[in-house]
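*Asks:* Quick one: structure below, then a few questions.
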Ligand code: C2G
């Protein structure tokens, strides 16, 4: 089995998230997704997620291409998660290009292009009429 691992907040789940997950899955035969903890989001972003970590975990875990989900507690634990889930490939959006190259000693590291013009922030602004 070739295992792929990817990480994200996946808040207000949208088609950009879906495409990333589908493409990630295509690099192997088992996809494991680390969903950022609410506590991790507080350090990573300047606003609280709209959906809680258990809601985001339930949504991502229900997707057809996803085999397993877990809560990503800290950005510093990437190496631990890659080893724990025996990942052969780490896939990330290209907004993270270069940031995870240090793990190339234990797995393949790939950065995929993001879907243009869609983001959780833009959706929140649209919905709130800004
Ligand atoms: N994404 C995408 N296209 C968009 C928006 C997001 O391809 N228009 C991708 C991101 O590149 C990422 C995934 O969807 O691979 C999840 O996006 P976010 O929830 O924004 O993830 P982020 O908060 O960057 O979390 O450990 C790393 C972090 O947990 C990554």
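Nothing in this text is a laboratory measurement; each read-out follows from the coordinates by a stated rule. Keep in mind it's a predicted model, so treat the numbers as computed, not measured. Quick reminder, even Gly has a Cβ in these numbers, built from the backbone with ideal geometry, and neighbours come from all protein chains shown.
*Asks:* Averaging the inverse of every distinct alpha carbon separation and then flipping it gives the Kirkwood radius. What is it for the chain, in angstrom units?
*Replies:* For the chain, the Kirkwood estimate is 15.0 Å.
*Asks:* Same structure, new question: So if we plug the beta-carbon distance of residue 128 and residue 95 into 1/(1 + (r/R0)^6) with R0 = 30 Å, what FRET efficiency do we get, rounded to 0.05? Don't skip to the end; give the middle numbers.
*Replies:* On the way: r = 23 Å, r/R0 = 0.78.
Rounded to the nearest 0.05, the efficiency is 0.80.
*Asks:* Could you tell me the center-to-center distance, by alpha carbons, between segment 53-130 and segment 1-45 in angstrom?
*Replies:* Cα centroid to Cα centroid, the span is 3 Å.
*Asks:* Going by average Cβ density within 10 Å per residue, which order do the peptides 28-37, 91-100, 14-23 take, highest to lowest?
*Replies:* 28-37, 14-23, 91-100
*Asks:* Taking neighbour Cβ counts within 10 Å as the exposure measure, how do 115, 3, 121 sort from fewest upward?
*Replies:* 121, 115, 3
*Asks:* Over segment 1-99, what is the relative contact order in whole percent, taking alpha-carbon pairs under 8 Å and six or more residues apart?
*Replies:* Computed value for segment 1-99: 39 percent relative contact order.
*Asks:* As an exercise, use a Förster radius of 30 Å and the Cβ-Cβ distance of residue 18 and residue 102 to find the FRET efficiency, rounded to the nearest 0.05.
*Replies:* After rounding to 0.05, the efficiency reads 0.60.
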